[in-house]
Amino acid sequence: MDIKMLTDYCLKKNGSTRSYPFGEGALVFKVASKMYALVAESARPLTINLKCDPFIAENLRQQYASITPGYHMNKKHWNTVILDGSIEEEELCSMIDHSYDLVFHSLKKAEKAELGG
């Protein structure tokens, strides 16, 4: 998955926005005020940090060599996924969905209502 496909997929999510709060090259996707994905745009291959349930995160790390504990993140709750083609696009989309859902469900009731959730 390239950066355009990744961006298009993330921005289709309800209330999803993109920004560069950490500077150029660190593309952040948020729902309301909370981050659910961080893309290292200059990395080759691309990498994306995604929030993940700790049990699932550990299973994914054991299953895929291209998934490691989240770089510069809480390693219990975040994974770094190296987009080197070793993970099927459908699986990657599922990981993005999971990250988004975890963050969306942690939003305040008012933030969810604002997004229609």
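I'd like the full set of residues that are touching a residue at least 12 places away in the same chain (Cβ under 8 Å) and surrounded by 16 or more Cβ atoms within 10 Å (Cβ to Cβ), limited to the range 8-29.
Residues satisfying the conditions are Y9, C10, K13, G15, S16, A26, L27, F29.
E111 versus (1) open to solvent by 70 Å² or more (accessible area, probe 1.4 Å); (2) in a helix (DSSP H, G or I); (3) under 18 Å from A37 (Cβ atoms); (4) at pLDDT below 95: which is the lone unmet condition?
Checking E111 against (1) open to solvent by 70 Å² or more (accessible area, probe 1.4 Å); (2) in a helix (DSSP H, G or I); (3) under 18 Å from A37 (Cβ atoms); (4) at pLDDT below 95, the one that fails is (1).
So, G23, is that one modelled with pLDDT under 95, more than 26 Å from G116 (Cα to Cα) and touching a strand residue (DSSP E or B) at 6+ places or on another chain (Cβ under 8 Å) or not?
Numbers: modelled with pLDDT under 95: yes; more than 26 Å from G116 (Cα to Cα): yes; touching a strand residue (DSSP E or B) at 6+ places or on another chain (Cβ under 8 Å): no.
It is false that G23 is modelled with pLDDT under 95, more than 26 Å from G116 (Cα to Cα) and touching a strand residue (DSSP E or B) at 6+ places or on another chain (Cβ under 8 Å).
For the range 91-117: of the residues being of a type in the set (D, E, K, R) and under 14 Å from the mean Cα position of the chain (by Cα), which is farthest from L6 (Cα to Cα)? Walk me through it before giving the result.
Residues of the range 91-117 that are of a type in the set (D, E, K, R), as a first pass: 91, 97, 101, 108-109, 111-112, 114.
Subset that is under 14 Å from the mean Cα position of the chain (by Cα): 91, 97, 101.
Working: E91: 13, D97: 12, D101: 17 Å.
Result: D101.
I want to confirm something. Restricting to the range 41-65 and keeping residues that are among the small types (G, A, S) and at pLDDT below 95, which single residue is surrounded by the most Cβ atoms within 10 Å (Cβ to Cβ)?
If we filter the range 41-65 for residues that are among the small types (G, A, S), which is where we start, we get 42-43, 57, 65.
Filter once more, so that each one left must be at pLDDT below 95: 42-43.
On the way: S42: 10, A43: 14.
Step by step, filter the range 41-65, then rank; the result is A43.
Checking the structure you have, find out if any residue of the range 67-78 is open to solvent by less than 70 Å² (accessible area, probe 1.4 Å), in contact with a Ser or Thr (Cβ under 8 Å, 6 or more places away or on another chain), closer than 23 Å to S33 by Cα and touching a residue at least 40 places away in the same chain (Cβ under 8 Å).
Looking for residues that are open to solvent by less than 70 Å² (accessible area, probe 1.4 Å), in contact with a Ser or Thr (Cβ under 8 Å, 6 or more places away or on another chain), closer than 23 Å to S33 by Cα and touching a residue at least 40 places away in the same chain (Cβ under 8 Å), one finds none in the range 67-78, hence no.
Counting only residues that are under 15 Å from T80 (Cβ atoms) and either out of contact with any Gly (no Cβ under 8 Å at 6 or more places or on another chain) or loosely packed, with under 15 Cβ neighbours inside 10 Å (or both), how many does the range 30-40 have?
5
The values are calculated or read from the model by the stated rules, or taken from the named source; none is laboratory data. Since this is a predicted model, take the numbers as computed values, not measurements. Cβ: placed from backbone, ideal geometry, glycine included. Neighbour counts: every protein chain shown. For accessibility, only protein heavy atoms count, side chains too; no ligands or nucleic acids. Shrake-Rupley method; radii C 1.70, N 1.55, O 1.52, S 1.80 Å.
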